Amino acid sequence: MADDEQDLKEYRWETGYEKTWEAIKEDEDGLVEGLVAEFAQKAARKALTPRRGPVRLGMMRHLLVAIDCSEAMSSQDLKPTRFLCTLKLLEKFIEEFFDQNPLSQLGLITMKNKRAEKITELSGNIRKHIKVVQGLLNLALTGEPSLQNTLEMAHRVLKPLPGHASRELLVLFASLTTCDPGDVNTTIQNLKNEGIRCSVIGLAAEVRICKKLCQDTGGDYGVVLDDVHYRSLLLEHTSPPPRARALDAGLVKMGFPHTAPPSTQSDTEPPITICMCHIDEGEGVGGEGHLCPQCRSKYCSLPAQCRTCGLTLASAPHLARSYHHLFPVDPFEELKNDGQSQFCFACVRSFTDVDKQIYRCNRCVEYYCWECESMISSTLHVCPGCASRPHLYQRLPDTS
């Protein structure tokens, strides 16, 4: 009851009657193009809400994704079915997750028949995860999920991880019920004590135990409206979240692999080497690869965790791509388009009457359209105007 009293936000069906169609107004030419652009601009700005205050992020993330494979996933409210829509979006999520978090690891869990089964171990192998997701297309959707068994498995997997790692669980939950063997509240408390952040994306309706799980562990809870909203909720979890609890900072030993130099003797055949990434599959014999600087094991792709010595292997670009989360681009100033500039500095597109608002970087004082401003904040993470001026680009952000 205490949680219900604290959450004073009204549901949609509890609010007053709204005439939403009155917001659509035509311009002088009888067109709604400018209004559509304004709606799209507001949606993009809402998605890029800046993080306020000093927040400690987990850069080396360990994320488990639990997929509901019960009968509830066979519903067709998401086309073609909830399950097929989830698998399609999950492939995009895996690619985007490792693009934004190259030093992180991900694992997959299925929920069906009151059991939780781990189908991939925590690893940074993108191809392996996508291959397993594609192999679930013909999986039989049966039984009922067990939220408690899933939480218990996530607790066993994530608890032994080192203190510098960010431990997270994302549950894609389509059922309105859960069949648990014990008290799920005890399990939720254990996750909270270990600092494991749990988030849930509901595919049907809001479930109270899922909401309580997210509130207690500091996660996010959302219910999808359609496939587009589902995709946006899923991709929100690609950015590093705030740490669930404060931990002491520590040094992490990492290795920067190198490629073996080619042989100078033309008559000598190169030695036969085996890639440690595919040793279980019987593949990866011969060819070039990255050698671990500590034990000289070969890996075909980076980043990776050396299976021989346990060293974290990465490259300089991976560290650079993780760095932008710590120092994001300063928010651009939103201005009314009064002819301050004739074109966007990034895409060189001329501003028209459709561009009601334009954006200015306070460092380089260049102007951008809302599409470029959105791409700079979400994908590029570098202001083109500042990057073209070394004295601005090399200056560290103001930490005051």
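Confirm whether Asp355 is within 31 Å of the chain's Cα centre (by Cα), modelled with pLDDT under 90 and assigned to a loop (DSSP other than H, G, I, E, B).
yes
Taking the residues in segment 180-215 that are assigned to a helix (DSSP H, G or I) and touching a strand residue (DSSP E or B) at 6+ places or on another chain (Cβ under 7 Å) as candidates, determine which candidate is farthest from Lys79 (Cα to Cα).
Checking each candidate, the answer is Leu191.
If I filter segment 323-352 down to residues being of a type in the set (A, V, I, L, M) and in a loop (DSSP other than H, G, I, E, B), which single residue comes out as farthest from Leu103 (Cα to Cα)? Lay out the reasoning, then the answer.
If we filter segment 323-352 for residues that are of a type in the set (A, V, I, L, M), which is where we start, we get 326, 329, 335, 346, 348.
With in a loop (DSSP other than H, G, I, E, B) added as a condition, the list becomes 326, 329, 346, 348.
Values: Leu326: 14, Val329: 21, Ala346: 30, Val348: 35 Å.
Per the stated criteria, the residue is Val348.
Per-residue answers, yes or no, for (1) under 17 Å from Ile67 (Cβ atoms); (2) crowded, with 17+ Cβ neighbours inside 10 Å; (3) at pLDDT below 95:
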{"site": "Gly124", "(1), (2), (3)": "no, yes, yes"}
{"site": "Thr142", "(1), (2), (3)": "yes, no, yes"}
{"site": "Ser146", "(1), (2), (3)": "yes, yes, no"}
{"site": "Leu161", "(1), (2), (3)": "no, no, yes"}
{"site": "Ser166", "(1), (2), (3)": "no, yes, yes"}
{"site": "Leu170", "(1), (2), (3)": "yes, yes, no"}
{"site": "Ile188", "(1), (2), (3)": "no, yes, no"}
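May I ask you to verify whether Leu161 is touching a helix residue (DSSP H, G or I) at 6+ places or on another chain (Cβ under 6 Å) and touching a residue at least 60 places away in the same chain (Cβ under 8 Å)?
So Leu161 does not fit the description; no.
Could you tell me how many of the residues in segment 311-354 are open to solvent by 40 Å² or more (accessible area, probe 1.4 Å) and closer than 30 Å to Tyr299 by Cα?
7
When you go through (1) closer than 25 Å to Thr379 by Cβ; (2) touching a Gly at 6+ places or on another chain (Cβ under 8 Å) one by one for Asn113, which number turns out not to apply?
Status for Asn113: all satisfied but (1).
May I ask you to list the residues in segment 252-274 that are closer than 15 Å to Gly124 by Cβ and either in a strand (DSSP E or B) or modelled with pLDDT under 70 (or both)?
Of everything in segment 252-274, those that are closer than 15 Å to Gly124 by Cβ and either in a strand (DSSP E or B) or modelled with pLDDT under 70 (or both) turn out to be Met254, Gly255.
The values are calculated or read from the model by the stated rules, or taken from the named source; none is laboratory data. Given the structure is predicted, the values throughout are model-derived calculations rather than measurements. FYI the Cβ positions are ideal-geometry reconstructions off the backbone, even for glycines, and counts take in every protein chain you see. The protein model used for the area step is the full one, side chains on, heavy atoms only, and it has no ligands, DNA or RNA in it. Shrake-Rupley method; radii C 1.70, N 1.55, O 1.52, S 1.80 Å.
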